[in-house]
Amino acid sequence: MLWLAAGCLAVAGLMVAWNWPMAPPPAPAKAVTQRAAPKASIAFEEAPRRQGGDRAAERLTDAMLAGLARGGLDPARVGLSMAGEPWGQVAQMKVELAPGEDAGKIRFAVESALAGLSAPRRWRQRGRAWIMELSLAGRPSHRLIITAQAAPDGPAPPPDRREALAAIVIDDMGYLLGPAKELLELDLDLTFSILPFSPHGRQVARMAKARGRQVLLHLPMEPKSFPRLSPGPGALLVEADEQALARQTAADLDFLPEAVGVNNHMGSRFTEDATALRPVMTQIGRRGLFFVDSLTSPRSAAYDVAGQLGLRRARRDMFLDHEVDEQAIRRQIEGLIHLARGGHPVIAIGHPHQATIKALRHYQERLRQEVRLRPVSELLD
């Protein structure tokens, strides 16, 4: 049961690794990173961690705790226990809300943290409590009970009729022209995030801008699996000094003058290091750009550092294609629609997989009718 009390939280949906056997383009002339990255191939995202039965249960627990924390709850307020049921033990979490705390906001944060994890779940209401049950291998394994304060006397508040807003960022652009053209043909206001020094990055940026699509720089940062897994050309590494990080960030930004903002590529190690982040965010801020934290680590300090330096900022809520399967991606898009219609703006990240393109094409009309899909710059904090 040690996994139940895990103090720090795992990422809800790490992105799938692409390992194409292509040589990367040369890095810029003034290389400032201090360790050479492997050059045999480029992995376009951090690989999801292996999980057996125990690991799957641990990931669910960590994701639920991460969601509660993102909803504004101190972990000390979460009651953790094991409940005996006829089919076995269930990990149970209980939360008592204080007056004024929004159960809907917390439910949204938990749902976002669970996005991409293959665990059927359902919510039900019992009195003042919202109860969520999750299942593994066909049996309930986790239970979350959120109890709200009794409603004050007087008329009920009006229903929440906030607009259903969402943004979809397509990461890892610039290496293949075909998927970029297919995505641009969709009648959806997608945001394109382009890797620096990618062979077609500038062309994709021009194509996207001509079609009225917003462009971000997909800034490569060191993952915890480096050097086995390389973020690619222009990567930022934690061992580089402040001046080197500033120079490399500037060079990466210079590659893509069309970019209006930045989000991180990989970076599970780098985004945890506030000291390393500061010169990077300073360079981004000097150009008047915003930052979107892809949240490849639950301990990421990127959102906080960006705010401390006065940058406009946001955080990703869900991944669409953690599981690269069209039916799984369709389920994620259903979740996006459900969350957005609940009144909570959603930032989702996808990748130029054929399965993702097909799922987006299938949901094109529903996304246009039921959600106001906007550039990610309109969903910043």
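The values are calculated or read from the model by the stated rules, or taken from the named source; none is laboratory data. Computed from a prediction, not measured in an experiment: that's the story for all the values here. Because the Cβ atoms are built from the backbone with ideal geometry, glycine has one as well, and the counts that use them run over all protein chains shown. Only protein heavy atoms, including side chains, enter the accessible area calculation; ligands, DNA and RNA are left aside. Shrake-Rupley method; radii C 1.70, N 1.55, O 1.52, S 1.80 Å.
From most to least packed by mean Cβ count within 10 Å, the peptides 208-214, 230-236, 106-112 give 230-236, 106-112, 208-214. Other residues whose C-beta falls under 13 angstrom from the C-beta of R206 contribute a net charge of +4, scoring Lys and Arg +1 and Asp and Glu -1. Where Lys and Arg each count +1 and Asp and Glu each count -1, what net charge lies around S112 among other residues with Cβ under 11 Å from its Cβ? Residues near S112 contribute +3 overall. Tell me whether the stretch 297-359 comes out rounded, prolate or oblate; compute the Cα gyration tensor, take square roots of the eigenvalues as a ≥ b ≥ c, and use a/c under 1.5 as the rounded threshold. Verdict is prolate for the stretch 297-359.
Looking at the stretch 240-357, the accessible area is 35 square angstrom per residue; that uses a 1.4 Å probe and ignores ligands, DNA and RNA. How would you classify the stretch 155-298 from its alpha-carbon gyration tensor, with a ≥ b ≥ c the square roots of the eigenvalues: rounded for a/c under 1.5, else prolate if a/b is greater than b/c, otherwise oblate? Judged from the Cα gyration tensor, the stretch 155-298 comes out oblate (a/c at least 1.5, b/c at or above a/b).
Heavy-atom surface analysis with a 1.4 Å probe gives the stretch 247-304 a carbon and sulfur content of 45 percent of its accessible area. You can think of it this way: the chain between K94 and R202 has 33.8 nm of extra reach, that is 0.36 nm per residue less the Cα-Cα gap. Once you order the gyration tensor axes a ≥ b ≥ c over the Cα atoms, which shape class does the stretch 241-381 get: rounded for a/c under 1.5, otherwise prolate or oblate by comparing a/b with b/c? In terms of gyration-tensor shape, prolate.
Inter-label distance, S225 to R287: 2.8 nm, where each label sits 7 Å from its Cα along the C-beta direction. For the stretch 325-335, 3J(HN,Hα) computed residue by residue from phi via the Karplus equation (6.51, -1.76, 1.60; θ = phi - 60°) reads 8, 4, 5, 5, 5, 4, 5, 5, 5, 4, x Hz, glycine and proline entered as x.
Listed peptides 287-295, 367-375, 217-225, 121-129 appear in the order 217-225, 287-295, 367-375, 121-129 once ranked by packing, highest mean of other Cβ atoms within 10 Å at the front. Computed 3J(HN,Hα) for the stretch 94-100, one whole-Hz value per residue from the Karplus formula 6.51 cos²θ - 1.76 cosθ + 1.60 where θ = phi - 60°, is 10, 9, 9, 7, 7, x, x, glycine and proline marked x.
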